[in-house]
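Just below is one structure, and these are the notes that go with it.
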Amino acid sequence: MTVNESPTNKIDVSCRVPLLVLFGGAALWLVVGSLLALLASLTFHMPDKFGDCPWGTYGHLQPAADDALLYGFCIPAGLGVVLWIFARLGQTPLRSALVPVIAAHLWHVGVLVGLVGIFVGDSTGFAWLEFPRGGSALLFFAYLLIGLWALMNFSGRRDGGMFPSHWFLVAALFLFPWIYSTANILIVGWPVRGVVQAVITWWFGNNLVFVWTSLVGLGTAFYFLPKFSGRPLQTYFYALFAFWTLLLFGSMRGVPAGAPVPAWLPVLSSLSSLLLIVPVLAVAIIGWKTVVGAAGEKCRGGSFCMIKFGFVAFVLSALLLIAQSCPVIGRLTQFTWFGTAQTQLQLYGFFAITMFGAIYHILPRAVGIEFAFPKLIRVQHWLAMLGIFILVASLAVGGVEQGMKLNDPAVAFGDSTKAMLMFLRVSTTGLLLILLANLLFALNIFVMILAWKWSLAKTVFAFVISPLNKTEVKA
Amino acid sequence: MKNGFVIFLAAFAVLLTSWSAFVLGPQLQLGGAKQVPVLNSTEVYPRSRPGEANQGLQVYRANGCAACHTEQVQQDGVACDVVLSSAGKNPSAVSNLLATLNLRGLNQEEAHAASDKITAAGGKVETHIVAVGPDIARGWGLRRSVAEDFLYDNTVQLGSLRIGPDLAGVGARSPNANVVLQHLYAPKSVEKDSLMPPFRYLFEVRKIVGGEFSPDALNLPKEFAPADGYEVMPKPEAKELVAYLLSLHADVPLYDAPFTPIIAAKP
């Protein structure tokens, strides 16, 4: 290990153990999630094979795969990146790192409890909130602890200034405990009556899957893009504008048109969704002006490429979201795979790939060890890009086809599912590529953790066998 | 925006607005909802489901059925159907007239015009209001799903993806418990191209005792039946699930979603 006592290095090292725990567990859940997603997709190609055990049905596999991606990978990866960015931007080392380390372990245990709960039939039955109470409670407290530590570090920042990344990440830190406690208390703990449950589920799902990931992903991109391109964020005021409009319009949506609820809810949702075009355009302009033509690093299949790809995926994902909330298109795409395509683009294409880029940049600095297989990073990036493209394109096009057949009563319902089969086969290929990409990512992370543990063991060993100093002997 | 506290306060205000609109608002409007009268009837709606069906809802939840099935019928609007109730004294003139008229899917003025013509020819008509839309045309329901349909459900399972058909009215269109059980055990024995996984773990294959099928055993086509001397018995979960599915028939007219017959024919 290199011993470098510069202040930046001290900051990186202060985050080391929490980041290793957060990212290591995240890499594990990422692989588990993509494996489950692949199995879920296979149930369509051989429905007969999965009938003898409850955990093999689509209704168990799919929610488990979704939650493993969101709670297992996205949130802990995001929290780790937030901890590091706060420490770096504030020029303040993370103090008492033991607390976030314990919290990160709690988080991963919570995900395990939740996933097991889904498979034994304890799912709450609400989308994105399937984890039973025990798992949710662990997640909630773990998040509170990590979030609190990030905020303490933030408030102790050296020059007291705030960067655009700060706004996005601070808002995201507040958002999760609020929506997670509301949803768990009002629809799992002490359930409200009737369709209010459904409205709260939609509100929660949108705020977590769209708003939270957008805030963290964009906050991360706004930190790294200027760093890599060598040009300051263009501009501060666009970013300010994008932040407020995204928060305002993004959080005021989620109820689909045609839902069996009072009409003002879907109308308000559609309206806010259409207005989302404003922050999306602002974000696109920021990205364009910051990156294109800048004289900084060239993209060579590493962190910079991933974060750029994630940025483009965000714009596309938000445009798909706006499209399906527009009543005319929404009528065609409702109840089809189109919605799944958008969610996957948001969670994997945008958020996960942005996190890959950030983690590949952060981890070698925090641990002080280079990745064992640097060439695989580039392979992983290509596999992930190709996989998510195939997955999203097949499901989105298939979803439109399915929607046209669903909306024509002359076409038998069975034909609408049969027409999807070809697209589902293609999407399974996409999921396979994503699984491979995730395995490569996990390989690099796990080897780094092992290397770190090995060097730790060596240090301890060297300390034990080293001869005592003369001064100590005298004493 | 140099101050963290300012950003916290402003973000708090935005999220409070969102929370008020999507959590507090619906709860104030619907949280105290009560049964509503059925149109043109002294009945109230909904009745709570029988106990077995309520347990079936928990089986539905635990198995993630909502991953593939929705429970929300959609409707584009309403239309009028003009229905002849009596041909009157001159049936041949009325039937000649009927052959020239379009009597289904009319708007209100067209319906009035058509019923005026028939009345003038001596027939008597009724005007029926019907819901229209692809879901209605598929026979998935008589009207759109409304909040009242889910008043007593916990947990509400609206679903968002139609890999399988909508189930809001499955109890009305497939009222035979044995067929539904068979569908759960061997979907392909009911729908040839079904993508539904067989839920065999909700059933028990056991040896026939005393040489005769139990009354509850499934009556399966040969290729799906177990080996000779064995029979397929539904476990309690399967029976509860079917009781729940059969309890799904949102088929009464309500003030929010009216249909047949609410406008009496003009005298």
Looking at this structure, is A:L391 more than 14 Å from chain B (Cβ to nearest Cβ), part of a helix (DSSP H, G or I) and buried (at least 19 other Cβ atoms within 10 Å of the Cβ)? yes
Given the criteria more than 9 Å from chain A (Cβ to nearest Cβ) and crowded, with 16+ Cβ neighbours inside 10 Å, does B:V36 qualify? yes
Which members of the range B:100-111 meet the condition of being touching a strand residue (DSSP E or B) at 6+ places or on another chain (Cβ under 7 Å), in a helix (DSSP H, G or I) and loosely packed, with under 14 Cβ neighbours inside 10 Å? B:Q108
Unique match (being buried (at least 24 other Cβ atoms within 10 Å of the Cβ) and either more than 28 Å from B:G25 (Cα to Cα) or without any contact (Cβ under 8 Å) to a residue 24 or more places away in the chain (or both)) among A:L240, A:L247, A:L218: A:L218
Does B:G133 satisfy the condition of being surrounded by 15 or more Cβ atoms within 10 Å (Cβ to Cβ), at positive phi and in contact with an Asp or Glu (Cβ under 6 Å, 6 or more places away or on another chain)? yes
Can you tell which of A:I185, A:I200 is within 12 Å of chain B (Cβ to nearest Cβ), buried (at least 24 other Cβ atoms within 10 Å of the Cβ) and assigned to a helix (DSSP H, G or I)? A:I200
Out of everything in the range B:76-99 that is charged (D, E, K, R) and in contact with a strand residue (DSSP E or B) (Cβ under 6 Å, 6 or more places away or on another chain), what residue ends up being nearest to B:A121 (Cα to Cα)? B:D81
With (1) at the interface with another protein chain (Cβ under 7 Å from one of its Cβ atoms); (2) under 25 Å from B:Y244 (Cβ atoms) as the list, and B:V14 as the residue in question, which single condition is left unmet? (2)
For the range B:174-196, what are the residues that are modelled with pLDDT of 90 or more, farther than 14 Å from B:L241 by Cα and not β-branched (V, I, T)? B:A186, B:P187, B:K188, B:S189, B:M196
Residue count, the range B:232-252, condition in contact with a Ser or Thr (Cβ under 7 Å, 6 or more places away or on another chain) and either modelled with pLDDT of 95 or more or surrounded by fewer than 21 Cβ atoms within 10 Å (Cβ to Cβ) (or both), comes to 1
So if I check each of B:V179, B:V130, B:V190, B:V156, which one is away from chain A (no Cβ under 13 Å), without any contact (Cβ under 8 Å) to a residue 12 or more places away in the chain and either closer than 30 Å to A:G258 by Cα or not basic (K, R) (or both)? B:V179
Checking the structure you have, find out if any residue of the range A:405-426 is crowded, with 20+ Cβ neighbours inside 10 Å and under 17 Å from A:L347 (Cα atoms). no
Residues of the range A:25-66 being of a type in the set (S, T, Y) and within 7 Å of chain B (Cβ to nearest Cβ), which ones? A:T43, A:T57, A:Y58
Filter the helices (runs of 4 or more DSSP H) completely within the range B:112-199 down to those with at least 3 residues that are of a type in the set (F, W, Y). none
Of these, A:L345, A:L376, A:L276, A:L319, which one is surrounded by fewer than 19 Cβ atoms within 10 Å (Cβ to Cβ), under 24 Å from A:G399 (Cβ atoms) and touching a residue at least 24 places away in the same chain (Cβ under 8 Å)? A:L319
Candidates A:T340, A:T417, A:T354, filtered to the one that is within 30 Å of B:G139 (Cβ to Cβ), under 24 Å from the mean Cα position of the chain (by Cα) and either not in a helix (DSSP H, G or I) or not hydrophobic (A, V, I, L, M, F, W, C) (or both): A:T340
Could we say that B:G88 is more than 7 Å from every other protein chain (Cβ to nearest Cβ), part of a loop (DSSP other than H, G, I, E, B), at pLDDT below 90 and under 30 Å from A:S272 (Cα atoms) here? no
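The values are calculated or read from the model by the stated rules, or taken from the named source; none is laboratory data. Computed from a prediction, not measured in an experiment: that's the story for all the values here. Using ideal geometry, Cβ is built from the backbone for each residue, glycine included, and neighbour counts are taken over all protein chains shown.
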